[in-house]
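The values are calculated or read from the model by the stated rules, or taken from the named source; none is laboratory data. Please read these numbers as outputs of a predicted model, since none were measured by experiment. Cβ: placed from backbone, ideal geometry, glycine included. Neighbour counts: every protein chain shown. All accessible areas refer to the heavy atoms of the entire protein, side chains included, with ligands and DNA or RNA removed. Shrake-Rupley method; radii C 1.70, N 1.55, O 1.52, S 1.80 Å.
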Amino acid sequence: MSKRDMKRILVTGAVGQIGSELTMALRERYGNDNVLATGRKTKPSKTLLDSGPFEFIDICKRETVEKVVDEYDIDTIYNMAAILSATGEERPLLCWDVNINGMYNILEIAHERDLTRVFVPSSIAVFGPETPQDNTPQETVLKPKTMYGVTKVAGELLGDYYFKRFGLDIRGVRYPGIISSETHPGGGTTDYAVEIFYEAIKNKKYTCFVKKDTVLPMMYIPDCIKGTIELMDTDISKLKHHCDFNLTAMSFSAGELAEEIKKHIPEFKCEYKPDFRQAIADTWPKTIDDSAARKEWGWKTDYDLAVMTKDMLEKLGKRHEEGNL
Ligand code: SER
């Protein structure tokens, strides 16, 4: 195998909600030593540390990224480091710095070293109140009202620019809210759809920070990881889009999610006390048209609300019994 065929992967944000599970999936596929996990300051889990290399870097400090890219002879980067929507409203400058300046560093490093491929996630946060909220089209109005959304629109455009201008093979999807049981999400508006499971298992009650009838597009983490890796595997000649694929798996209201949990835990009670995150959720789509992803790289989902709920409760229930939640 020539060196160029080999995958030497860097995952930034590897301690985060998606990065932690993506790293393990990539390690399984490409070999533990070929996938470098990195984080900024959060302590990595034992699973992450014991299974392969880990380094602390800061994508806003270019030299820290350059050092590991050179040292580990990296050819592919998954840039999962980001500040999400709710934290972004509390710390807009930090959000800009990490999501834009950090991403710019990644692109420049990839371009200068002629890396094989880069993945940079986008989000449903690119949409805003002027966007059609039902079956939101692939090509539509992008006028977000959060700093996070602003950085994600700019990130999509920047990525597409690097592809057209410099031929950098960069890809990305607009993730919906991601539901997972390994690592907590941090600072997002869709976090309620994860917290509700932990609270249902631990306390049989949850106070939800969006209204009962709030509907958002969501996805279970196995679908998220599968989709991410599949997009990165696709022959580039098949792709018409690059950094901005709409992607979804299911849409439900907070109330419908609570009802689904009740089917398994009948005594579960959910209250609704909307906070500032309601206003963010209100500007995002309810359902998404992801036909471009289906057509261009064969995207399809495995998990709906019922199957995801059952699996989440089983996984978290087991950890709770082990005293590990
Ligand atoms: N889960 C993200 C957030 O809520 C959306 O991309 O900020």
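Data overview
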| quantity | calculated |
| --- | --- |
| Electrostatic dipole magnitude of the chain [Cβ: Lys, Arg +1; Asp, Glu -1; Cα centre; debye, to 20] | 260 |
| Selection from 193, 93, 120 lying farthest towards where the dipole of the chain points positive, charges on Cβ | 193 |
| With Cα atoms, 0 to 90° folded angle of helix 221-233 axis to the chain main axis | 20 |
| Residue 119 long-range amide H proximity, modeled H, under 5 Å | 77, 78, 79, 171 |
| Environment charge at residue 135 (Cβ cut-off 15 Å; Lys +1, Arg +1, Asp -1, Glu -1) | -1 |
| Calculated SAXS-style log₁₀ I(q)/I(0) at q = 0.08 Å⁻¹ - the chain, Debye, Cα scatterers | -0.35 |
| Average accessible area per residue (Å²) across the stretch 191-258 - probe 1.4 Å, nucleic acids and ligands excluded | 32 |
| Whole-number D in µm²/s for the stretch 253-314 (Stokes-Einstein; Kirkwood sum over Cα pairs; 10 °C, 1.306 mPa s) | 110 |
| Pair-distance profile P(r), taking every C-alpha pair of the stretch 144-203, with 10 angstrom steps and integer % | 19, 34, 26, 16, 5, 0 |
| Size of electric dipole in the stretch 188-269: Cβ of Lys, Arg +1 and of Asp, Glu -1, about Cα centre, debye, nearest 20 | 340 |
| For the stretch 112-227, size of Cβ-based charge dipole, Lys and Arg +1, Asp and Glu -1, in debye | 180 |
| Rounded tilt (10° steps) of 305-321 against the dominant C-alpha axis of the chain | 90 |
| Convex hull of the stretch 39-83 built on C-alpha atoms - directionally averaged projected area, nm² | 3.6 |
| Antiparallel DSSP beta bridges within the chain, as percent of all bridges there, nearest 5 | 15 |
| Separation between Cα centres of the stretch 218-244 and the stretch 18-83, rounded to whole Å | 19 |
| C-alpha long axis of helix 147-166 to longest principal axis of the chain, angle in ° | 30 |
| Burial order of peptide ranges 203-212, 239-248 (average beta-carbon count within 10 Å, highest first) | 239-248, 203-212 |
| Given charges at Cβ of Lys, Arg, Asp, Glu: the stretch 1-153 dipole, positive-most of 76, 147, 52 | 52 |
| Hydrodynamic radius (Kirkwood) for the stretch 134-269, which is based on Cα pairs only, to one decimal in Å | 16.9 |
| The chain: relative contact order as a whole-number percent, Cα under 8 Å and 6+ apart | 18 |
| Listed residues 251, 170, 22: farthest to the positive end of the dipole of the chain (Cβ charges) | 251 |
| Gyration tensor verdict on the stretch 104-211 (Cα atoms; rounded if a/c is under 1.5, prolate if a/b is larger than b/c, oblate otherwise) | oblate |
| Förster radius 30 Å - calculated FRET efficiency between residue 133 and residue 29, Cβ distance, rounded to 0.05 | 0.25 |
| Carbon + sulfur, % of accessible area of the stretch 138-275 - ligands and nucleic acids excluded, 1.4 Å | 53 |
